[in-house]
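A.B. asks: Right, I'll just put the structure down here and ask away after.
The values are calculated or read from the model by the stated rules, or taken from the named source; none is laboratory data. Not measured: the values here are computed from a predicted model. FYI the Cβ positions are ideal-geometry reconstructions off the backbone, even for glycines, and counts take in every protein chain you see.
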Amino acid sequence: MTYPVYRGLRQAGPPVVQWLGFVAAPVVLAVVWAVGLPLAGFAWGLGLFAANRLAAALTDRAARGKMEVTAVGITGVGFISRAWICVALLFVLTRVASEEVALTAAVTFLALFTTDILARSLAHLIARDTAATGGAA
């Protein structure tokens with residue numbers, strides 16, 4: 001008996017969609033600067049987002065070639081772990097820097113993460129529809 005194997009996250013559409021979280025960073029920076037929030041908070045939030053995105057890519061790579069059930073477990077644990085690690089790092093940041101820097105980092109991270117996950121979900125949906133229709137969109 002053969003089992004379905006996870007081949008990696010499917011994506012379609014313009015390549016910029018896959019990186020929309022980073023594309024949105026200058027917009028978030030402009031808002032942070034205009035409101036007068038600490039730029040250190042923006043830097044921490046952007047760094048945390050970049051590390052989170054790298055961890056997601058590495059988790060996806062680790063799950064490739066595994067049975068789909070195993071891959072779901074790996075990616076699910078990775079997703080939850082990344083969330084807990086981000087919250088823990090933001091909590092530590094309130095103790096190391098200031099609450100204002102940590103709050104700015106949290107808002108920056110949430111804005112970039114939300115943009116990224118929505119864009120990548122859309123790219124996955126487009127890839128799924130393309131695969132279902134045999135390449136005809």
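A.B. asks: Any idea how many residues of segment 1-28 are surrounded by fewer than 16 Cβ atoms within 10 Å (Cβ to Cβ) and in a helix (DSSP H, G or I)?
C.D. replies: Within segment 1-28, residues that are surrounded by fewer than 16 Cβ atoms within 10 Å (Cβ to Cβ) and in a helix (DSSP H, G or I) number 5.
A.B. asks: Let me ask you something else. Which condition breaks for V77 when tested against (1) part of a helix (DSSP H, G or I); (2) modelled with pLDDT under 90; (3) aliphatic (A, V, I, L, M)?
C.D. replies: The one condition V77 does not meet is (2).
A.B. asks: For the condition closer than 13 Å to F109 by Cα and either in contact with a Cys (Cβ under 9 Å, 6 or more places away or on another chain) or of a type outside the set (S, T, Y) (or both), what is the one hit in V28, V77, V72?
C.D. replies: None of the other options fit; the residue is V28.
A.B. asks: Something else now. Mind listing just one residue for me: the one in segment 93-133 that is among the acidic types (D, E) and in contact with a Leu (Cβ under 8 Å, 6 or more places away or on another chain) and, of those, surrounded by the fewest Cβ atoms within 10 Å (Cβ to Cβ)?
C.D. replies: E100
A.B. asks: Considering only segment 65-84, I want to know if a residue exists there that is surrounded by 13 or more Cβ atoms within 10 Å (Cβ to Cβ), closer than 14 Å to A102 by Cα, of a type outside the set (S, T, Y) and touching a residue at least 12 places away in the same chain (Cβ under 8 Å).
C.D. replies: Looking through segment 65-84, none of the residues is surrounded by 13 or more Cβ atoms within 10 Å (Cβ to Cβ), closer than 14 Å to A102 by Cα, of a type outside the set (S, T, Y) and touching a residue at least 12 places away in the same chain (Cβ under 8 Å).
A.B. asks: If you take the residues of segment 30-59 that are touching a Gly at 6+ places or on another chain (Cβ under 8 Å) and within 15 Å of W19 (Cβ to Cβ), which of them is modelled with the lowest pLDDT?
C.D. replies: A56
A.B. asks: For the subset of segment 53-64 comprising residues that are touching a residue at least 40 places away in the same chain (Cβ under 8 Å) and within 15 Å of the chain's Cα centre (by Cα), which member is surrounded by the most Cβ atoms within 10 Å (Cβ to Cβ)?
C.D. replies: Selected residue: R53.
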